[in-house]
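Please read the structure below before turning to the comments.
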Amino acid sequence: MSDTWWKAAVIYQIYPSSFKDTNGDGWGDLPGIISKVDYLKNLGVDILWISPIYKSPQADMGYDIADYKLIDPIYGTNEDIDVLVAELKKRDMKLMMDLVVNHTSNEHAWFVDSISSKSSPKRSWYIWKDPAGSDSNGDPLPPNNWCQLLGDANSAWTYDPESKQFYLSLFTPEQPDLNWETPEVRAAVHDAMRFWLDKGVCGYRMDVINLISKDQRFPDAPVTNDGGKAKYHPGSKWYTNGPRMHEFLREVKREVLAPYKAVTVGEMPGVSDPDEVLKTVHQGDGELSMIFIFDVVDVDFVPGEGRLALRPFKTGDWVKDVVKWQRVMWERDGWNSVFIENHDNPRSVSRYCDDSDEWREKGAKLLALMQTTLSGTIFVYQGEEIGVRNMPKYWDGVLDKKARDHARTPMHWDGSPHGGFCGKDVKPWMRVMDDYVTFNVDVQTNSNSDDDLSIWQYWQRGLSNRKAHADAFVHGEFQSVDNAEGDDVFAYLKVGKESGTWVIVLNFSGDEVQWRMPSNVKVQGWVAGNYLKGKPDKPTEGTIGLRPFEGLLGRSAA
Ligand code: GLC
Ligand code: CA
(Lines give C-alpha, C1' and ligand atoms only; values in the text may rest on other atoms or scores of the structure.)
(Ligands and ions follow the chains in the order given, each with its own letter.)
Protein backbone atom coordinates (compact mmCIF):
# COMPACT_ATOMS: atom_id res chain seq x y z
CA MET A 1 0.00 0.00 0.00
CA SER A 2 1.44 3.37 -0.96
CA ASP A 3 2.09 5.93 1.75
CA THR A 4 -0.54 8.17 0.26
CA TRP A 5 -3.27 5.55 -0.18
CA TRP A 6 -5.53 7.70 2.00
CA LYS A 7 -5.69 10.48 -0.56
CA ALA A 8 -8.22 8.65 -2.71
CA ALA A 9 -9.98 7.11 0.29
CA VAL A 10 -13.59 7.95 1.11
CA ILE A 11 -13.93 8.90 4.77
CA TYR A 12 -17.31 8.60 6.46
CA GLN A 13 -17.98 10.44 9.70
CA ILE A 14 -20.10 8.58 12.23
CA TYR A 15 -21.86 10.49 15.00
CA PRO A 16 -22.00 7.45 17.25
CA SER A 17 -24.86 8.34 19.62
CA SER A 18 -27.17 8.69 16.61
CA PHE A 19 -25.98 5.93 14.31
CA LYS A 20 -27.45 2.62 15.51
CA ASP A 21 -28.56 1.38 18.92
CA THR A 22 -28.42 -2.36 19.56
CA ASN A 23 -28.91 -2.81 23.31
CA GLY A 24 -32.12 -0.87 23.75
CA ASP A 25 -30.91 2.15 25.72
CA GLY A 26 -31.77 4.57 22.91
CA TRP A 27 -28.13 5.52 22.38
CA GLY A 28 -26.07 4.37 19.40
CA ASP A 29 -23.21 1.97 20.15
CA LEU A 30 -20.20 0.13 18.74
CA PRO A 31 -22.07 -3.13 18.05
CA GLY A 32 -24.46 -0.94 16.02
CA ILE A 33 -21.55 0.40 13.99
CA ILE A 34 -20.17 -3.10 13.51
CA SER A 35 -23.57 -4.22 12.20
CA LYS A 36 -23.42 -1.56 9.49
CA VAL A 37 -19.92 -2.12 8.16
CA ASP A 38 -21.23 -3.89 5.06
CA TYR A 39 -23.63 -1.04 4.44
CA LEU A 40 -20.73 1.42 4.48
CA LYS A 41 -18.54 -0.78 2.33
CA ASN A 42 -21.35 -0.94 -0.20
CA LEU A 43 -21.60 2.84 -0.27
CA GLY A 44 -17.90 3.04 -1.14
CA VAL A 45 -16.42 4.00 2.22
CA ASP A 46 -12.79 3.19 3.05
CA ILE A 47 -12.24 4.85 6.43
CA LEU A 48 -14.69 5.35 9.28
CA TRP A 49 -14.04 8.33 11.48
CA ILE A 50 -16.07 8.05 14.68
CA SER A 51 -16.69 11.13 16.81
CA PRO A 52 -15.37 10.61 20.37
CA ILE A 53 -16.43 7.37 22.08
CA TYR A 54 -14.06 7.49 25.04
CA LYS A 55 -15.09 7.58 28.68
CA SER A 56 -16.85 10.88 29.17
CA PRO A 57 -19.49 12.59 31.29
CA GLN A 58 -20.90 13.82 27.92
CA ALA A 59 -20.95 17.50 28.87
CA ASP A 60 -20.14 18.15 25.19
CA MET A 61 -21.17 14.82 23.64
CA GLY A 62 -17.84 13.14 24.24
CA TYR A 63 -15.68 16.12 23.26
CA ASP A 64 -14.91 16.13 26.98
CA ILE A 65 -12.78 13.05 27.57
CA ALA A 66 -12.29 11.56 31.02
CA ASP A 67 -10.03 8.67 29.97
CA TYR A 68 -8.15 8.54 26.67
CA LYS A 69 -7.63 4.80 26.80
CA LEU A 70 -11.10 3.59 27.66
CA ILE A 71 -14.26 3.29 25.56
CA ASP A 72 -17.28 4.72 27.34
CA PRO A 73 -19.58 1.88 28.48
CA ILE A 74 -22.49 3.65 26.79
CA TYR A 75 -20.77 2.80 23.48
CA GLY A 76 -19.28 -0.58 24.40
CA THR A 77 -15.82 -1.81 25.35
CA ASN A 78 -12.23 -1.68 24.18
CA GLU A 79 -12.75 -5.20 22.85
CA ASP A 80 -15.49 -3.87 20.57
CA ILE A 81 -12.81 -1.70 18.96
CA ASP A 82 -10.70 -4.79 18.32
CA VAL A 83 -13.70 -6.44 16.69
CA LEU A 84 -14.49 -3.36 14.62
CA VAL A 85 -10.89 -3.01 13.42
CA ALA A 86 -10.84 -6.70 12.48
CA GLU A 87 -14.18 -6.52 10.64
CA LEU A 88 -13.00 -3.43 8.76
CA LYS A 89 -9.73 -5.09 7.88
CA LYS A 90 -11.54 -8.04 6.30
CA ARG A 91 -13.17 -5.56 3.96
CA ASP A 92 -10.04 -3.56 3.29
CA MET A 93 -11.31 -0.66 5.41
CA LYS A 94 -9.86 1.27 8.33
CA LEU A 95 -10.79 3.14 11.48
CA MET A 96 -9.92 6.73 12.36
CA MET A 97 -10.41 7.94 15.95
CA ASP A 98 -11.23 11.44 17.13
CA LEU A 99 -8.51 12.98 19.26
CA VAL A 100 -9.54 15.77 21.63
CA VAL A 101 -6.41 17.11 23.28
CA ASN A 102 -6.86 20.85 23.45
CA HIS A 103 -8.79 20.09 26.62
CA THR A 104 -9.97 17.18 28.73
CA SER A 105 -13.09 16.64 30.79
CA ASN A 106 -13.03 18.17 34.27
CA GLU A 107 -13.56 14.56 35.39
CA HIS A 108 -10.30 13.35 33.86
CA ALA A 109 -7.96 12.07 36.58
CA TRP A 110 -5.35 14.60 35.45
CA PHE A 111 -7.69 17.49 36.16
CA VAL A 112 -9.04 16.00 39.38
CA ASP A 113 -5.44 15.91 40.54
CA SER A 114 -4.65 19.37 39.17
CA ILE A 115 -7.54 21.07 40.96
CA SER A 116 -6.89 19.23 44.23
CA SER A 117 -4.15 21.59 45.35
CA LYS A 118 -1.82 24.31 44.19
CA SER A 119 1.07 22.00 44.93
CA SER A 120 -0.30 19.07 42.94
CA PRO A 121 2.30 17.64 40.52
CA LYS A 122 -0.40 18.00 37.84
CA ARG A 123 -1.11 21.66 38.63
CA SER A 124 0.95 22.76 35.59
CA TRP A 125 -0.94 20.33 33.29
CA TYR A 126 -3.73 22.91 33.04
CA ILE A 127 -3.70 26.68 32.78
CA TRP A 128 -4.11 28.27 36.21
CA LYS A 129 -3.96 32.01 36.91
CA ASP A 130 -4.61 34.36 39.78
CA PRO A 131 -7.63 36.69 39.54
CA ALA A 132 -7.06 40.05 37.91
CA GLY A 133 -8.46 41.68 41.05
CA SER A 134 -12.01 41.87 42.32
CA ASP A 135 -15.17 43.69 41.27
CA SER A 136 -17.24 46.08 43.37
CA ASN A 137 -18.97 43.15 45.08
CA GLY A 138 -15.62 41.72 46.03
CA ASP A 139 -15.94 38.87 43.52
CA PRO A 140 -12.76 37.75 41.79
CA LEU A 141 -12.22 39.00 38.23
CA PRO A 142 -10.99 36.57 35.56
CA PRO A 143 -7.37 36.98 34.40
CA ASN A 144 -8.48 38.50 31.08
CA ASN A 145 -11.60 39.31 29.03
CA TRP A 146 -11.78 36.18 26.82
CA CYS A 147 -15.24 34.70 26.28
CA GLN A 148 -16.17 31.04 25.98
CA LEU A 149 -16.37 29.59 22.51
CA LEU A 150 -19.66 27.80 23.03
CA GLY A 151 -21.39 30.55 25.03
CA ASP A 152 -19.92 33.96 24.49
CA ALA A 153 -21.74 35.69 27.35
CA ASN A 154 -19.47 33.78 29.73
CA SER A 155 -15.85 34.13 30.68
CA ALA A 156 -13.41 31.56 29.28
CA TRP A 157 -12.01 31.28 32.82
CA THR A 158 -13.57 29.22 35.60
CA TYR A 159 -12.97 30.10 39.25
CA ASP A 160 -11.92 27.53 41.81
CA PRO A 161 -12.90 28.95 45.23
CA GLU A 162 -10.69 26.43 47.06
CA SER A 163 -7.40 27.55 45.60
CA LYS A 164 -8.64 31.05 44.68
CA GLN A 165 -7.37 30.70 41.13
CA PHE A 166 -8.99 30.51 37.71
CA TYR A 167 -8.42 27.79 35.10
CA LEU A 168 -8.80 28.35 31.37
CA SER A 169 -11.81 26.59 29.83
CA LEU A 170 -12.26 27.93 26.31
CA PHE A 171 -15.29 25.74 25.51
CA THR A 172 -17.19 25.14 28.76
CA PRO A 173 -16.17 24.91 32.44
CA GLU A 174 -16.37 21.12 32.04
CA GLN A 175 -13.60 21.27 29.40
CA PRO A 176 -10.43 22.67 31.02
CA ASP A 177 -7.67 23.47 28.50
CA LEU A 178 -4.52 21.37 28.74
CA ASN A 179 -1.27 23.26 29.16
CA TRP A 180 0.83 22.18 26.17
CA GLU A 181 3.77 24.22 27.51
CA THR A 182 4.31 21.40 30.02
CA PRO A 183 6.45 18.67 28.41
CA GLU A 184 4.75 15.90 30.43
CA VAL A 185 1.40 16.88 28.91
CA ARG A 186 2.77 16.46 25.42
CA ALA A 187 4.32 13.12 26.32
CA ALA A 188 0.99 11.95 27.78
CA VAL A 189 -0.82 12.96 24.59
CA HIS A 190 1.72 11.08 22.48
CA ASP A 191 1.25 8.05 24.67
CA ALA A 192 -2.57 8.15 24.32
CA MET A 193 -2.18 8.41 20.54
CA ARG A 194 0.09 5.39 20.37
CA PHE A 195 -2.38 3.35 22.41
CA TRP A 196 -5.00 3.26 19.62
CA LEU A 197 -2.48 3.17 16.79
CA ASP A 198 -1.11 0.02 18.39
CA LYS A 199 -4.63 -1.40 18.22
CA GLY A 200 -4.64 -0.88 14.47
CA VAL A 201 -6.46 2.40 13.95
CA CYS A 202 -5.09 4.27 10.93
CA GLY A 203 -5.00 7.77 12.37
CA TYR A 204 -6.82 10.68 13.92
CA ARG A 205 -9.17 13.53 13.31
CA MET A 206 -7.68 16.13 15.64
CA ASP A 207 -10.23 18.32 17.38
CA VAL A 208 -9.52 22.10 17.40
CA ILE A 209 -5.86 21.21 17.11
CA ASN A 210 -4.88 24.76 16.18
CA LEU A 211 -5.86 26.06 19.64
CA ILE A 212 -3.23 24.14 21.60
CA SER A 213 -0.67 26.93 21.85
CA LYS A 214 -1.75 30.02 23.77
CA ASP A 215 0.11 33.31 23.78
CA GLN A 216 1.73 33.08 27.21
CA ARG A 217 1.11 36.74 27.93
CA PHE A 218 -2.66 36.01 27.84
CA PRO A 219 -3.49 39.49 26.53
CA ASP A 220 -7.03 40.90 26.51
CA ALA A 221 -9.13 40.31 23.39
CA PRO A 222 -10.22 43.17 21.17
CA VAL A 223 -13.54 44.48 22.46
CA THR A 224 -16.01 43.42 19.76
CA ASN A 225 -18.92 41.42 21.20
CA ASP A 226 -22.30 43.07 21.24
CA GLY A 227 -20.97 46.28 19.75
CA GLY A 228 -18.37 46.42 22.51
CA LYS A 229 -20.94 46.37 25.30
CA ALA A 230 -20.41 42.73 26.32
CA LYS A 231 -18.25 41.76 29.26
CA TYR A 232 -16.25 39.13 27.41
CA HIS A 233 -14.85 38.95 23.88
CA PRO A 234 -13.37 36.40 21.46
CA GLY A 235 -9.68 36.03 22.25
CA SER A 236 -9.03 33.83 19.22
CA LYS A 237 -6.12 35.86 17.90
CA TRP A 238 -4.18 34.95 21.03
CA TYR A 239 -4.64 31.21 20.70
CA THR A 240 -5.50 30.34 17.07
CA ASN A 241 -2.35 28.94 15.40
CA GLY A 242 -0.51 30.29 18.43
CA PRO A 243 3.23 30.84 18.88
CA ARG A 244 4.31 27.22 19.42
CA MET A 245 1.63 25.35 17.47
CA HIS A 246 3.86 24.32 14.56
CA GLU A 247 6.57 23.22 16.95
CA PHE A 248 4.10 21.07 18.90
CA LEU A 249 2.68 19.52 15.73
CA ARG A 250 6.12 18.78 14.35
CA GLU A 251 6.89 17.01 17.59
CA VAL A 252 3.69 14.94 17.29
CA LYS A 253 4.66 14.07 13.73
CA ARG A 254 8.16 13.00 14.70
CA GLU A 255 7.22 11.12 17.87
CA VAL A 256 3.98 9.48 16.77
CA LEU A 257 2.60 10.05 13.29
CA ALA A 258 5.63 9.34 11.14
CA PRO A 259 6.59 6.00 12.73
CA TYR A 260 3.01 4.73 12.30
CA LYS A 261 2.41 6.41 8.92
CA ALA A 262 -0.80 7.67 10.48
CA VAL A 263 -3.41 9.62 8.54
CA THR A 264 -4.49 12.87 10.15
CA VAL A 265 -7.02 15.58 9.59
CA GLY A 266 -6.70 18.58 11.84
CA GLU A 267 -9.71 20.68 12.70
CA MET A 268 -8.46 24.24 12.25
CA PRO A 269 -11.18 26.85 12.54
CA GLY A 270 -10.41 30.49 11.88
CA VAL A 271 -7.44 30.10 9.54
CA SER A 272 -7.55 31.19 5.92
CA ASP A 273 -4.05 32.41 5.11
CA PRO A 274 -2.51 29.99 2.58
CA ASP A 275 1.05 30.55 3.83
CA GLU A 276 -0.02 29.52 7.31
CA VAL A 277 -2.13 26.57 6.15
CA LEU A 278 0.68 25.25 3.93
CA LYS A 279 2.97 24.90 6.93
CA THR A 280 0.59 22.24 8.16
CA VAL A 281 -0.56 20.53 4.95
CA HIS A 282 2.41 20.78 2.61
CA GLN A 283 2.82 17.28 1.23
CA GLY A 284 6.60 17.37 1.59
CA ASP A 285 7.25 18.72 5.05
CA GLY A 286 3.81 19.60 6.45
CA GLU A 287 2.78 18.46 9.90
CA LEU A 288 -0.53 16.73 9.10
CA SER A 289 -2.05 14.91 6.13
CA MET A 290 -4.76 17.53 5.74
CA ILE A 291 -6.98 19.89 7.71
CA PHE A 292 -10.57 21.06 7.75
CA ILE A 293 -10.75 24.63 6.52
CA PHE A 294 -13.98 26.33 7.51
CA ASP A 295 -14.28 29.13 4.96
CA VAL A 296 -17.24 27.46 3.26
CA VAL A 297 -19.22 26.37 6.31
CA ASP A 298 -18.48 29.73 7.95
CA VAL A 299 -19.83 31.68 4.98
CA ASP A 300 -22.40 33.52 7.10
CA PHE A 301 -19.89 34.35 9.81
CA VAL A 302 -19.94 37.94 11.09
CA PRO A 303 -16.77 39.14 12.85
CA GLY A 304 -17.40 39.70 16.53
CA GLU A 305 -20.63 37.68 16.51
CA GLY A 306 -21.02 34.14 17.78
CA ARG A 307 -21.33 30.95 15.77
CA LEU A 308 -25.06 31.40 15.20
CA ALA A 309 -24.64 34.53 13.05
CA LEU A 310 -26.73 34.42 9.89
CA ARG A 311 -25.47 36.81 7.25
CA PRO A 312 -27.48 36.31 4.06
CA PHE A 313 -25.20 34.79 1.44
CA LYS A 314 -25.12 33.96 -2.24
CA THR A 315 -23.67 30.84 -3.82
CA GLY A 316 -20.81 32.89 -5.23
CA ASP A 317 -19.74 33.87 -1.70
CA TRP A 318 -18.72 30.34 -0.78
CA VAL A 319 -17.80 29.14 -4.25
CA LYS A 320 -14.93 31.61 -4.26
CA ASP A 321 -13.48 29.82 -1.23
CA VAL A 322 -13.79 26.43 -2.91
CA VAL A 323 -11.95 27.82 -5.92
CA LYS A 324 -9.30 29.44 -3.78
CA TRP A 325 -8.37 26.25 -1.89
CA GLN A 326 -8.60 24.00 -4.95
CA ARG A 327 -6.05 26.25 -6.65
CA VAL A 328 -3.81 26.85 -3.63
CA MET A 329 -3.33 23.15 -2.91
CA TRP A 330 -2.70 22.37 -6.57
CA GLU A 331 -0.18 25.16 -7.09
CA ARG A 332 1.66 24.75 -3.82
CA ASP A 333 1.63 21.01 -3.23
CA GLY A 334 -0.79 21.01 -0.35
CA TRP A 335 -3.76 18.73 0.15
CA ASN A 336 -7.48 19.48 0.62
CA SER A 337 -10.19 17.80 2.58
CA VAL A 338 -13.54 17.96 0.76
CA PHE A 339 -16.55 18.33 3.07
CA ILE A 340 -19.58 20.49 3.70
CA GLU A 341 -21.25 18.73 6.60
CA ASN A 342 -20.23 17.59 10.05
CA HIS A 343 -21.74 17.27 13.51
CA ASP A 344 -21.36 21.00 14.25
CA ASN A 345 -23.13 22.36 11.19
CA PRO A 346 -26.57 22.38 9.63
CA ARG A 347 -27.45 19.93 6.88
CA SER A 348 -26.00 20.92 3.52
CA VAL A 349 -29.14 20.48 1.45
CA SER A 350 -30.98 22.86 3.79
CA ARG A 351 -28.19 25.37 3.82
CA TYR A 352 -26.85 25.52 0.28
CA CYS A 353 -29.84 24.32 -1.76
CA ASP A 354 -33.52 23.87 -0.95
CA ASP A 355 -34.78 21.17 1.36
CA SER A 356 -38.44 21.37 0.39
CA ASP A 357 -40.05 18.10 -0.70
CA GLU A 358 -39.96 19.36 -4.26
CA TRP A 359 -36.23 20.13 -4.47
CA ARG A 360 -34.45 18.23 -1.77
CA GLU A 361 -33.49 15.31 -3.97
CA LYS A 362 -32.07 17.44 -6.76
CA GLY A 363 -30.16 19.61 -4.31
CA ALA A 364 -28.65 16.68 -2.43
CA LYS A 365 -27.47 15.14 -5.70
CA LEU A 366 -26.08 18.46 -6.88
CA LEU A 367 -23.95 18.69 -3.74
CA ALA A 368 -22.87 15.08 -4.23
CA LEU A 369 -21.82 15.79 -7.80
CA MET A 370 -19.77 18.76 -6.65
CA GLN A 371 -18.05 16.98 -3.79
CA THR A 372 -17.29 13.79 -5.70
CA THR A 373 -15.50 15.81 -8.39
CA LEU A 374 -13.40 18.17 -6.25
CA SER A 375 -9.73 17.42 -5.52
CA GLY A 376 -8.68 16.21 -2.11
CA THR A 377 -9.84 13.56 0.33
CA ILE A 378 -13.61 13.36 0.54
CA PHE A 379 -15.60 13.19 3.79
CA VAL A 380 -19.23 12.08 3.85
CA TYR A 381 -21.20 12.84 7.00
CA GLN A 382 -23.68 10.33 8.41
CA GLY A 383 -27.05 10.86 6.72
CA GLU A 384 -25.66 13.10 3.99
CA GLU A 385 -25.78 10.06 1.65
CA ILE A 386 -29.58 9.96 1.91
CA GLY A 387 -30.08 13.73 1.92
CA VAL A 388 -31.16 14.22 5.54
CA ARG A 389 -32.35 17.77 6.06
CA ASN A 390 -32.53 20.16 9.03
CA MET A 391 -35.18 19.65 11.66
CA PRO A 392 -38.37 21.56 11.01
CA LYS A 393 -38.54 24.99 12.64
CA TYR A 394 -41.26 24.30 15.16
CA TRP A 395 -39.60 21.19 16.42
CA ASP A 396 -37.99 20.43 19.77
CA GLY A 397 -37.37 24.11 20.31
CA VAL A 398 -34.66 24.28 17.68
CA LEU A 399 -35.31 27.72 16.29
CA ASP A 400 -31.94 28.38 14.93
CA LYS A 401 -30.89 27.55 11.40
CA LYS A 402 -27.36 26.81 12.52
CA ALA A 403 -28.05 24.80 15.67
CA ARG A 404 -25.70 21.84 15.98
CA ASP A 405 -28.65 19.53 16.66
CA HIS A 406 -29.66 19.53 13.00
CA ALA A 407 -26.81 17.18 12.23
CA ARG A 408 -27.30 15.04 15.32
CA THR A 409 -30.74 13.48 14.77
CA PRO A 410 -30.75 9.68 14.68
CA MET A 411 -30.09 7.91 11.39
CA HIS A 412 -33.04 6.78 9.26
CA TRP A 413 -32.41 3.12 8.50
CA ASP A 414 -35.88 2.00 7.47
CA GLY A 415 -39.59 2.70 7.80
CA SER A 416 -40.06 0.92 11.14
CA PRO A 417 -40.69 2.93 14.35
CA HIS A 418 -37.81 5.34 15.15
CA GLY A 419 -36.51 4.70 11.65
CA GLY A 420 -34.91 1.47 12.81
CA PHE A 421 -32.38 3.45 14.85
CA CYS A 422 -33.52 1.64 18.00
CA GLY A 423 -36.23 -0.84 19.01
CA LYS A 424 -39.84 0.26 18.75
CA ASP A 425 -40.41 0.42 22.51
CA VAL A 426 -37.18 2.28 23.17
CA LYS A 427 -37.01 6.04 23.65
CA PRO A 428 -34.17 7.37 21.47
CA TRP A 429 -31.90 9.92 23.15
CA MET A 430 -33.00 12.40 20.49
CA ARG A 431 -36.19 12.22 18.52
CA VAL A 432 -35.99 10.77 15.01
CA MET A 433 -37.27 13.09 12.28
CA ASP A 434 -40.75 12.20 11.04
CA ASP A 435 -39.79 11.90 7.39
CA TYR A 436 -37.89 8.68 8.09
CA VAL A 437 -41.03 6.86 6.99
CA THR A 438 -40.37 7.56 3.34
CA PHE A 439 -36.86 8.93 3.52
CA ASN A 440 -34.56 6.17 4.65
CA VAL A 441 -31.66 3.91 3.77
CA ASP A 442 -33.87 0.90 3.07
CA VAL A 443 -36.00 2.73 0.51
CA GLN A 444 -33.02 4.43 -1.11
CA THR A 445 -30.72 1.43 -1.38
CA ASN A 446 -33.51 -0.69 -2.86
CA SER A 447 -34.88 1.89 -5.21
CA ASN A 448 -35.35 0.35 -8.59
CA SER A 449 -36.33 2.92 -11.10
CA ASP A 450 -35.32 2.74 -14.76
CA ASP A 451 -34.87 6.43 -15.19
CA ASP A 452 -33.56 7.78 -11.91
CA LEU A 453 -31.29 6.95 -9.01
CA SER A 454 -32.07 7.59 -5.35
CA ILE A 455 -29.79 10.06 -3.53
CA TRP A 456 -27.98 7.12 -1.97
CA GLN A 457 -27.47 5.40 -5.31
CA TYR A 458 -26.29 8.69 -6.75
CA TRP A 459 -23.67 9.00 -4.02
CA GLN A 460 -22.63 5.39 -4.53
CA ARG A 461 -22.18 5.89 -8.26
CA GLY A 462 -20.41 9.21 -7.73
CA LEU A 463 -17.94 7.76 -5.23
CA SER A 464 -17.22 4.86 -7.51
CA ASN A 465 -16.62 7.15 -10.50
CA ARG A 466 -14.41 9.29 -8.33
CA LYS A 467 -12.19 6.29 -7.62
CA ALA A 468 -12.28 5.01 -11.20
CA HIS A 469 -11.01 8.39 -12.41
CA ALA A 470 -9.04 9.40 -9.35
CA ASP A 471 -6.38 10.94 -11.60
CA ALA A 472 -8.86 13.72 -12.43
CA PHE A 473 -11.33 13.84 -9.56
CA VAL A 474 -9.05 13.21 -6.58
CA HIS A 475 -5.62 14.30 -7.80
CA GLY A 476 -6.36 16.41 -10.86
CA GLU A 477 -5.93 20.08 -11.54
CA PHE A 478 -8.96 22.22 -10.87
CA GLN A 479 -9.53 25.03 -13.37
CA SER A 480 -12.26 27.62 -13.01
CA VAL A 481 -14.57 28.35 -15.87
CA ASP A 482 -15.79 31.88 -16.29
CA ASN A 483 -19.35 32.20 -15.24
CA ALA A 484 -20.97 34.82 -17.37
CA GLU A 485 -24.39 34.44 -15.79
CA GLY A 486 -23.56 35.62 -12.32
CA ASP A 487 -23.42 33.91 -9.02
CA ASP A 488 -25.61 30.89 -9.33
CA VAL A 489 -23.75 28.60 -11.71
CA PHE A 490 -20.53 27.03 -10.50
CA ALA A 491 -18.60 25.52 -13.41
CA TYR A 492 -15.11 24.04 -13.52
CA LEU A 493 -12.78 21.67 -15.28
CA LYS A 494 -10.90 18.78 -13.74
CA VAL A 495 -7.82 17.73 -15.62
CA GLY A 496 -6.61 14.16 -15.22
CA LYS A 497 -3.31 12.70 -16.38
CA GLU A 498 -4.93 9.55 -17.79
CA SER A 499 -8.64 10.13 -18.03
CA GLY A 500 -8.47 13.52 -19.70
CA THR A 501 -10.43 16.64 -18.91
CA TRP A 502 -13.90 16.75 -17.39
CA VAL A 503 -16.41 19.59 -17.31
CA ILE A 504 -18.70 20.12 -14.31
CA VAL A 505 -21.58 22.61 -14.40
CA LEU A 506 -23.71 23.12 -11.29
CA ASN A 507 -26.79 25.35 -11.07
CA PHE A 508 -27.28 26.32 -7.45
CA SER A 509 -30.39 28.36 -8.06
CA GLY A 510 -33.99 27.26 -7.71
CA ASP A 511 -34.73 28.81 -11.11
CA GLU A 512 -34.07 27.81 -14.67
CA VAL A 513 -30.91 29.43 -15.91
CA GLN A 514 -29.72 29.94 -19.46
CA TRP A 515 -26.02 29.33 -19.12
CA ARG A 516 -23.74 30.48 -21.89
CA MET A 517 -20.77 28.19 -22.18
CA PRO A 518 -17.53 30.17 -22.40
CA SER A 519 -15.91 29.76 -25.80
CA ASN A 520 -12.75 28.21 -24.33
CA VAL A 521 -14.74 25.25 -22.97
CA LYS A 522 -15.37 22.44 -25.44
CA VAL A 523 -17.69 19.64 -24.47
CA GLN A 524 -17.49 16.37 -26.33
CA GLY A 525 -20.51 14.90 -24.59
CA TRP A 526 -22.43 14.93 -21.32
CA VAL A 527 -22.04 11.73 -19.35
CA ALA A 528 -24.05 12.26 -16.17
CA GLY A 529 -26.48 14.63 -14.53
CA ASN A 530 -28.72 14.74 -11.51
CA TYR A 531 -32.08 14.67 -13.26
CA LEU A 532 -31.95 11.18 -14.68
CA LYS A 533 -29.91 8.00 -14.57
CA GLY A 534 -28.67 8.11 -18.15
CA LYS A 535 -26.79 10.66 -20.22
CA PRO A 536 -28.23 14.16 -20.22
CA ASP A 537 -29.54 15.29 -23.55
CA LYS A 538 -28.14 18.81 -23.67
CA PRO A 539 -26.36 20.95 -26.22
CA THR A 540 -22.58 20.75 -26.05
CA GLU A 541 -21.97 24.34 -27.05
CA GLY A 542 -23.64 27.72 -27.00
CA THR A 543 -26.35 28.29 -24.44
CA ILE A 544 -27.49 25.51 -22.17
CA GLY A 545 -30.78 25.57 -20.31
CA LEU A 546 -30.25 24.36 -16.77
CA ARG A 547 -33.25 23.39 -14.66
CA PRO A 548 -33.41 24.29 -10.93
CA PHE A 549 -30.50 22.71 -9.06
CA GLU A 550 -29.41 20.86 -12.16
CA GLY A 551 -25.86 19.57 -12.41
CA LEU A 552 -23.98 18.15 -15.41
CA LEU A 553 -20.78 16.19 -15.83
CA GLY A 554 -19.23 16.05 -19.25
CA ARG A 555 -16.10 15.08 -21.11
CA SER A 556 -14.13 17.86 -22.59
CA ALA A 557 -12.91 17.77 -26.17
CA ALA A 558 -9.17 18.27 -25.85
C1 GLC B 1 -14.85 20.85 17.93
C2 GLC B 1 -15.93 19.80 17.86
C3 GLC B 1 -17.11 20.27 18.63
C4 GLC B 1 -16.69 20.48 20.06
C5 GLC B 1 -15.46 21.39 20.17
C6 GLC B 1 -14.84 21.28 21.52
O7 GLC B 1 -15.21 22.01 17.29
O8 GLC B 1 -16.21 19.49 16.52
O9 GLC B 1 -18.20 19.40 18.52
O10 GLC B 1 -17.74 21.05 20.79
O11 GLC B 1 -14.47 21.07 19.25
O12 GLC B 1 -14.20 20.05 21.67
CA1 CA C 1 -27.06 1.56 22.89
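The values are calculated or read from the model by the stated rules, or taken from the named source; none is laboratory data. These figures come from a predicted structure and were not determined experimentally. Cβ atoms come from the backbone with ideal geometry, glycine included; neighbour counts cover every protein chain shown. Surface accessibility is based on the protein's heavy atoms, side chains included, excluding ligands, DNA and RNA. Shrake-Rupley method; radii C 1.70, N 1.55, O 1.52, S 1.80 Å.
Of note:
- Scoring LEU493 on the criteria (1) in the same structural domain as MET517 (by TED's automatic domain parsing); (2) closer than 27 Å to VAL37 by Cα leaves a single failure, condition (2).
Conditions (1) within 16 Å of ligand 2 (Cβ to nearest atom); (2) at negative phi; (3) small (Gly, Ala, Ser), marked per residue:
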| position | (1), (2), (3) |
| --- | --- |
| ILE11 | no, yes, no |
| SER18 | yes, yes, yes |
| GLY24 | yes, no, yes |
| SER35 | yes, yes, yes |
| LEU43 | no, yes, no |
| ASP46 | no, yes, no |
| THR77 | yes, yes, no |
| LYS89 | no, yes, no |
| MET93 | no, yes, no |
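- Residue in segment 319-331 that is at pLDDT below 95 and either buried (at least 21 other Cβ atoms within 10 Å of the Cβ) or in a loop (DSSP other than H, G, I, E, B) (or both) present: yes
For every residue, the table says whether it meets (1) farther than 30 Å from SER35 by Cβ; (2) surrounded by 12 or more Cβ atoms within 10 Å (Cβ to Cβ); (3) not acidic (Asp, Glu).
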position: GLU87; (1), (2), (3): no, yes, no
position: LEU95; (1), (2), (3): no, yes, yes
position: PRO131; (1), (2), (3): yes, yes, yes
position: SER136; (1), (2), (3): yes, no, yes
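- When residues in segment 110-129 are screened for being open to solvent by 50 Å² or more (accessible area, probe 1.4 Å), touching a residue at least 40 places away in the same chain (Cβ under 8 Å) and among the hydroxyl-bearing types (Ser, Thr, Tyr), 1 of them pass.
- Subset of segment 204-252 [closer than 22 Å to TYR63 by Cβ and among the small types (Gly, Ala, Ser)]: SER213, GLY235, SER236, GLY242
- Strands (runs of 3 or more DSSP E) (entirely within segment 1-91) containing at least 3 residues that are in the same structural domain as ASN440 (by TED's automatic domain parsing) and more than 16 Å from ligand 1 (Cβ to nearest atom): 67-71
- Pair list, Cβ under 8 Å, 6 or more apart: segment 216-229 residue at negative phi, other residue surrounded by fewer than 12 Cβ atoms within 10 Å (Cβ to Cβ): THR224/PRO303
- Qualifying residue in segment 211-233 (condition: within 16 Å of ligand 1 (Cβ to nearest atom), touching a Ser or Thr at 6+ places or on another chain (Cβ under 6 Å) and open to solvent by less than 20 Å² (accessible area, probe 1.4 Å)): no
- Filter result (surrounded by fewer than 21 Cβ atoms within 10 Å (Cβ to Cβ) and either in contact (Cβ under 8 Å) with a residue 40 or more places away in the chain or of a type in the set (A, V, I, L, M, F, W, C) (or both)) within segment 445-460: THR445, SER449, ASP450, ASP451, ASP452, LEU453, GLN460
- In segment 13-26, residue farthest from the chain's Cα centre (by Cα) [restricted to those that are over 19 Å from TRP335 (Cβ atoms) and surrounded by 22 or more Cβ atoms within 10 Å (Cβ to Cβ)]: ASP21
- Single condition ASN390 does not satisfy, out of (1) over 16 Å from the mean Cα position of the chain (by Cα); (2) part of a helix (DSSP H, G or I): (2)
- Strands (runs of 3 or more DSSP E) lying entirely in segment 198-317 (those with 3 or more residues that are modelled with pLDDT of 95 or more and of a type outside the set (Phe, Trp, Tyr)): 203-206, 263-267
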